[in-house]
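Worksheet: one structure, shown below.
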Amino acid sequence: MIRVNDSITIEDWELTESFTRAQGPGGQNVNKVSTAVELRFEAERSPNLTGPVKARLKRLAGRRWTNDGALIIFVQETRSQARNRELAEVRLRELILKALETPKRRIKTRPTLGSQRRRIAAKKQRGEVKSLRGKVNDDD
């Protein structure tokens with residue numbers, strides 16, 4: 001069981017761990033010991049997450065979200081299987097906490113009349129400068 005915050009806990013039935021051989025550091029054990037962890041969280045079926053939280057989690061997960069609604073976290077950073085398991089759980093917890101934050105609603109604002117006038121004046125001045133760059137006529 002993973003405790004995300006005071007109100008949300010992830011039960012063991014929602015999580016599936018599988019272990020594979022990791023790339024990278026491992027010394028003599030790299031080809032013998034399965035230290036990489038693949039943590040699968042059945043987010044779509046989770047009763048502890050609300051609909052909007054699941055939608056934000058799906059957007060944050062990106063390619064880690066599967067078609068059947070599971071979130072897959074793969075960790076192979078350390079030589080220790082136990083440490084990789086801890087890292088996977090921490091990453092899952094952080095991702096869920098980030099999905100719990102509701103984004104602030106944007107309040108539409110209009111530019112002030114003064115800022116509009118300054119913008120138009122600057123555009124006219126710039127246009128004048130550019131028009132003076134044209135060819136010079138010798139009509140003397």
Could you tell me whether Ala70 is aliphatic (A, V, I, L, M) and in contact with a Leu (Cβ under 9 Å, 6 or more places away or on another chain)?
no
For the stretch 1-22, indicate whether the set of residues that are part of a helix (DSSP H, G or I), of a type in the set (D, E, K, R) and open to solvent by less than 40 Å² (accessible area, probe 1.4 Å) is non-empty.
yes
Looking at Asn84, Asn31, Asn67, which is the one that is modelled with pLDDT under 90 and either open to solvent by less than 70 Å² (accessible area, probe 1.4 Å) or assigned to a loop (DSSP other than H, G, I, E, B) (or both)?
Asn31
Take the residues of the stretch 1-37 that are of a type in the set (Ser, Thr, Tyr) and within 24 Å of Arg79 (Cα to Cα): which is nearest to the chain's Cα centre (by Cα)?
Thr16
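So that you can scan it fast, the table gives a plain yes or no per residue for (1) within 22 Å of Arg3 (Cβ to Cβ); (2) open to solvent by 80 Å² or more (accessible area, probe 1.4 Å); (3) modelled with pLDDT under 90; (4) touching a Lys or Arg at 6+ places or on another chain (Cβ under 7 Å):
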{"residue": "Ser46", "(1), (2), (3), (4)": "yes, no, yes, no"}
{"residue": "Leu71", "(1), (2), (3), (4)": "yes, no, no, yes"}
{"residue": "Glu89", "(1), (2), (3), (4)": "yes, no, no, no"}
{"residue": "Leu95", "(1), (2), (3), (4)": "yes, no, no, no"}
{"residue": "Arg105", "(1), (2), (3), (4)": "no, yes, no, no"}
{"residue": "Gly114", "(1), (2), (3), (4)": "no, no, no, no"}
{"residue": "Ile120", "(1), (2), (3), (4)": "no, no, no, no"}
Residue check for Arg59: basic (Lys, Arg), within 16 Å of the chain's Cα centre (by Cα), more than 19 Å from Thr9 (Cα to Cα) and surrounded by fewer than 14 Cβ atoms within 10 Å (Cβ to Cβ):
yes
In the set Leu49, Leu57, the lone residue that is outside any loop (DSSP other than H, G, I, E, B) and of a type in the set (A, V, I, L, M) is Leu57
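The values are calculated or read from the model by the stated rules, or taken from the named source; none is laboratory data. In this text, all values refer to a predicted model and were calculated from it rather than measured experimentally. We place every Cβ from the backbone using ideal geometry, glycine too, and count neighbours over all the protein chains shown. Quick note on the areas: whole protein, heavy atoms, side chains included, nothing else; ligands and nucleic acids left out. Shrake-Rupley method; radii C 1.70, N 1.55, O 1.52, S 1.80 Å.
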